[in-house]
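The values are calculated or read from the model by the stated rules, or taken from the named source; none is laboratory data. As the structure is a computational prediction, the values presented were derived from the model and not from experiment. Cβ coordinates were reconstructed from backbone atoms using ideal geometry, including for glycine residues, and neighbour counts include every protein chain displayed. With ligands, DNA and RNA removed, areas are computed over all heavy atoms of the protein, side chains included. Shrake-Rupley method; radii C 1.70, N 1.55, O 1.52, S 1.80 Å.
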Amino acid sequence: MLVNPIKNGTVLDHITAGRGMELYRILKLNELECPVAIITNAYSLKMDRKDIIKIDGEAPLDLNVIGYVDPGVTVSTIRDGDVARRIHLKLPQQITGVIRCKNPRCITSVEQELPHTFRLDDPQSRVYRCIYCESRAK
Amino acid sequence: MKSLIGILDLSTKEIDNLIHTAQDIIARPEAYREKCKGKKLATLFFEPSTRTRLSFEAAMYELGGNVLGFSEASSSSVAKGESVADTIRTVNCYADIIAMRHPKEGAPLVASVKSQVPIINAGDGGHNHPTQTLTDLLTIYREKGRLQDLTVGFCGDLKFGRTVHSLIEALSRYSGIRIVLISPDELRLPEYMQNKLSALENVTFTETKDLEEAIPKLDILYMTRVQKERFFNEADYIRLKDSYILTPEKLAEAKADMSILHPLPRVNEISVEVDDDPRACYFRQALNGKFIRMALMLMLLEIQ
Ligand SMILES: [Zn+2]
């Protein structure tokens with residue numbers, strides 16, 4: 001299967017197989033005007049199967065969001081057909097606006113305009129806690 | 001500008017300084033009578049807690065400052081739906097420091113982000129209550145002369161007891177701390193807290209259901225209330241509650257210099273006959289609360 005190489009844009013590679021659509025949705029890539037290709041179940045030497053997303057154009061991407069959803073992803077910025085920058089993501093220290101605090105006793109349950117921010121508490125078991133009430137993200 | 005939202009916002013060095021200042025206030029109160037002259041404390045109590053509010057207000061008056069505020073949300077603009085951030089912006093015009101109690105967890109953190117003056121968390125729901133923890137630490141220091149090399153028993157509701165979690169976190173930064181957790185199965189210390197403790201080298205902890213068995217080893221016994229609402233059925237509550245009530249008989253095997261602490265208010269978890277025992281510290285503990293709050297306000301206001 002062939003997807004044309006992109007000239008200026010971003011490639012998200014090494015996405016855990018099956019997670020591509022989830023990332024597409026969370027990053028709201030459907031709102032972009034430029035071409036976006038999602039390849040699922042691609043063959044991979046490193047991980048057997050993987051998903052890939054290619055964005056052919058400018059797209060503001062929140063790397064923390066990608067790192068939270070799937071910390072193994074590689075993000076390559078393409079300029080004039082070449083890889084200008086490649087980042088191997090890690091679990092982000094803090095994420096805002098991705099998950100919501102579900103604790104009914106949390107201040108965010110009554111003050112709608114507060115950003116829902118979570119901080120990484122335990123990288124090993126990927127536990128994030130709400131910065132306000134310290135409840136564990138579900 | 002610094003605020004106090006959770007006990008771990010303070011380093012052990014800062015806690016040592018606070019204890020040192022509090023001791024000095026106790027020794028020479030007259031030297032502090034005008035330290036906060038012209039300063040105003042706002043006590044914003046979105047839910048009532050007379051004990052804590054009076055302690056803050058007495059502390060500011062003894063430093064020569066003034067106090068304004070409200071003692072429940074229904075008497076304030078909050079009842080009309082004003083946000084924490086807007087309330088804080090308004091109060092910033094009138095006060096030099098704010099003590100805030102709120103039923104929602106994290107509300108004081110929201111306040112501290114918006115505020116131009118220091119915020120002290122005076123309790124946010126079942127979450128943090130750092131001035132209670134400072135009070136506990138000052139009490140332990142005054143009773144024992146140290147915060148390290150202690151065997152500390154926590155008895156009762158270790159699952160929901162926020163004062164317990166926060167004191168354990170504070171103590172686990174000192175060396176030679178041995179924690180004994182005494183509770184029924186239903187009210188054990190949450191697993192994530194146990195995991196945190198297990199990871200520390202300077203702290204050991206053991207668990208038991210038997211207060212009498214644990215008591216002879218303890219330097220400090222921290223009692224908490226076992227509340228009926230925490231149990232699924234009345235029968236379990238009745239079966240268990242007496243095991244976690246401190247009586248003179250249970251004290252028979254305790255060390256002669258063990259200190260009994262309780263965050264108050266007490267219901268029936270310490271029988272009144274224990275009150276006259278010299279080991280009972282809980283009323284002295286309440287008085288310590290005022291001194292440590294005086295020291296804290298001086299620190300946050302950067303007054304020498
Ligand atoms: Zn929360």
Handout entry: Convex hull volume per residue for the stretch B:1-92, taking Cα atoms only, in Å³
Key = 122
Handout entry: Relative contact order, percent, chain A [alpha-carbon distance under 8 Å, six or more residues apart]
Key = 22
Practice task
Between B:S271 and B:F232, with labels modelled 7 Å along Cα→Cβ, what's the label distance in nm to one decimal, could you check?
Solution key: 3.1
Handout entry: Inverse of mean 1/r across different Cα pairs in the stretch A:86-131, Kirkwood, Å
Key = 11.7
Fill in the blank from the handout: For the stretch A:43-102, the Cα convex hull volume per residue in Å³ comes to 123
Exercise for the section: Count the DSSP beta bridges whose two residues both fall in the protein assembly as shown, then state the antiparallel fraction as a percent rounded to the nearest 5. Expected result: 45
Problem - Calculated P(r) tail over 14 Å for the stretch A:9-88, as whole % of Cα pairs - result: 58
Problem - Fraction of the pair-distance distribution of the protein assembly as shown above 28 Å, Cα-Cα pairs, percent - result: 59
Handout entry: Estimated buried accessible area (total), pair B and A, 1.4 Å, Å² to nearest 100
Key = 1100
Exercise for the section: Could you tell me which helices of chain B pass both thresholds, a Cα extent of 15 Å or more along their own axis and a mean Kyte-Doolittle hydropathy of at least 0.0, with helices taken as whole DSSP H runs? Expected result: B:282-300
Fill in the blank from the handout: Probe 1.4 Å, all chains present, heavy atoms only: B:T204 accessible area in Å², nearest 10, is 80
Problem - Rounded accessible area of B:T87 (nearest 10 Å², 1.4 Å probe) - result: 10
Handout entry: Percent RCO, i.e. relative contact order, over the stretch B:183-304, from Cα pairs under 8 Å lying at least 6 residues apart
Key = 24
Handout entry: Kirkwood hydrodynamic radius of the stretch B:131-286, Cα pairs, Å
Key = 15.6
Practice task
Just name one of B:L261, B:L298, A:I38: the one whose Cα is farthest towards the positive end of the charge dipole of the protein assembly as shown (beta-carbon charges, Lys/Arg +1, Asp/Glu -1).
Solution key: A:I38
Problem - Simple Cβ-charge dipole of the protein assembly as shown, Lys/Arg +1 and Asp/Glu -1, about Cα centre, in debye nearest 20 - result: 820
Completion exercise
Residues of the stretch A:117-137 that bury at least 50 Å² of accessible area, probe 1.4 Å, when all protein chains are present rather than the chain alone, are A:Y132
Practice task
For chain B, calculate the relative contact order in percent as a whole number, restricting contacts to Cα pairs under 8 Å that are 6 or more residues apart.
Solution key: 19
Problem - Fluctuation leader among B:R142, B:R162, B:R28 - chain B, Gaussian network, Cα springs under 10 angstrom - result: B:R28
Exercise for the section: Grab the alpha carbons of chain A, take their convex hull, and tell me the volume per residue in Å³. Expected result: 120
Exercise for the section: Find which of B:G6, B:G38, B:T21 sits farthest along the positive direction of the dipole of the stretch B:1-41, computed with +1 on the beta-carbon of Lys and Arg, -1 on that of Asp and Glu, about the Cα centre. Expected result: B:G38
Fill in the blank from the handout: Given unit charges at Cβ for Lys, Arg (+) and Asp, Glu (-), the dipole magnitude of chain A about its Cα centre in debye, nearest 20, is 460
Exercise for the section: Assuming 1.306 mPa s and 10 °C, estimate D for chain B with Stokes-Einstein, Rh taken as the Kirkwood radius over Cα pairs, in µm²/s. Expected result: 79
Exercise for the section: Can you check what the Kirkwood hydrodynamic radius comes to for the stretch B:94-164, Cα pairs only, in Å to one decimal? Expected result: 14.0
Problem - For the protein assembly as shown: accessible area per residue (Å², 1.4 Å) - result: 48
Problem - Cα-centre dipole for the stretch B:131-286 with unit charges at Cβ (Lys and Arg positive, Asp and Glu negative), debye to 20 - result: 520
Practice task
Using a 1.4 Å probe and ignoring any ligands, DNA or RNA, find the accessible area of B:S271 and quote it in Å² to the nearest 10.
Solution key: 20
Practice task
Could you work out, residue by residue across B:107-114, how many beta carbons of other chains sit within 10 Å of that residue's beta carbon, and then give the average as an integer?
Solution key: 3
Completion exercise
Taking Lys and Arg as +1 and Asp and Glu as -1, residues besides B:Y141 with C-beta under 15 Å from its C-beta add up to -2
Problem - Cys residues of the protein assembly as shown counted as unpaired, since no other Cys beta-carbon is under 4.7 Å - result: A:C34, B:C36, B:C93, B:C155, B:C281
Practice task
Whole Å is fine, so just give me how far the alpha carbon centre of the stretch B:81-102 lies from that of the stretch B:181-246.
Solution key: 37
Problem - Among B:P216, B:G64, B:A122 the positive-end extreme of the charge dipole of chain B (Cβ point charges) - result: B:G64
Handout entry: GNM result for chain B, Cα springs below 10 Å: residue of B:I270, B:I260, B:I182 fluctuating most strongly
Key = B:I270
